[in-house]
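In what follows, a single structure is set out as structure tokens and then discussed.
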Amino acid sequence: LAAKMEALNTVLPGCEYEQIAYEGIEEGSSLDEIFIGKDASGATVGYALTAAPQGYGGPIPITIGVSAEGHVTQTYVGALQETAGLGTKVGEADFMNQFVAIPADPDTLDNYVDTIGGATISSSAFKNAVSDMLTYAKGQLAIQPQEGDKEAILAASAGSEEGADE
């Protein structure tokens, strides 16, 4: 529960979360759970979507936030069983930050995100799961894809991490 709350607070900080059911997903999908994030007034801020695609060493627990404005807010990776120094790079900021602020549109994912050389299985599994999540957000949640302000999102994220450590 603590890990789930950390993931939700990372991708949609300051929200109240309510789990809702995935509807219309294909059998065998890596999509796992979905939460709606609301602010104090009850307005929808966005959605947190989770998936656990099969990487090289096991499942890769991923949570992404998709804002109501149509962009990815942040990514979170849980405990990894991937090869140290290779597959574990999917949990590092250099890889995960590629997804921040991109439009919630699977058709534009290749324009923003590169896989990791030497860790193709892990990074491709991650990217494909995000594609599935964005497909769901666009199709089932009716999110209108729009690019966000990456610098502002990363700065706010860094500020909240500094505040958490104090």
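Is segment 75-91 home to any residue that is part of a helix (DSSP H, G or I) and under 19 Å from residue 143 (Cα atoms)? For segment 75-91, residues part of a helix (DSSP H, G or I) and under 19 Å from residue 143 (Cα atoms): absent. Give segment 103-121 a look and list any residue that's farther than 25 Å from residue 35 by Cα and either in contact with a helix residue (DSSP H, G or I) (Cβ under 6 Å, 6 or more places away or on another chain) or modelled with pLDDT of 95 or more (or both), or say none. If the condition is that a residue be farther than 25 Å from residue 35 by Cα and either in contact with a helix residue (DSSP H, G or I) (Cβ under 6 Å, 6 or more places away or on another chain) or modelled with pLDDT of 95 or more (or both), then 115, 116, 119 are the ones that fit. Filter segment 38-67 down to the residues that are open to solvent by 50 Å² or more (accessible area, probe 1.4 Å) and in contact with a helix residue (DSSP H, G or I) (Cβ under 7 Å, 6 or more places away or on another chain) and list them by number. Those that are open to solvent by 50 Å² or more (accessible area, probe 1.4 Å) and in contact with a helix residue (DSSP H, G or I) (Cβ under 7 Å, 6 or more places away or on another chain): 54, 56.
Restricting attention to segment 22-36, which residues are open to solvent by 30 Å² or more (accessible area, probe 1.4 Å) and modelled with pLDDT of 90 or more? Passing the criteria: only 33. State whether the residues of segment 116-139 include one that is open to solvent by less than 30 Å² (accessible area, probe 1.4 Å) and in contact with a Lys or Arg (Cβ under 6 Å, 6 or more places away or on another chain). Yes, the conditions are met somewhere in segment 116-139. Test residue 157 against the criterion of being closer than 19 Å to residue 30 by Cβ and among the small types (Gly, Ala, Ser), and give yes or no. No.
The values are calculated or read from the model by the stated rules, or taken from the named source; none is laboratory data. If you're wondering where the values come from, they're calculated on a predicted model, not measured in any experiment. Virtual Cβ from ideal backbone geometry, glycine too; neighbours counted across all protein chains shown. Surface areas here come from the heavy atoms of the whole protein model, side chains and all, with no ligands, DNA or RNA. Shrake-Rupley method; radii C 1.70, N 1.55, O 1.52, S 1.80 Å.
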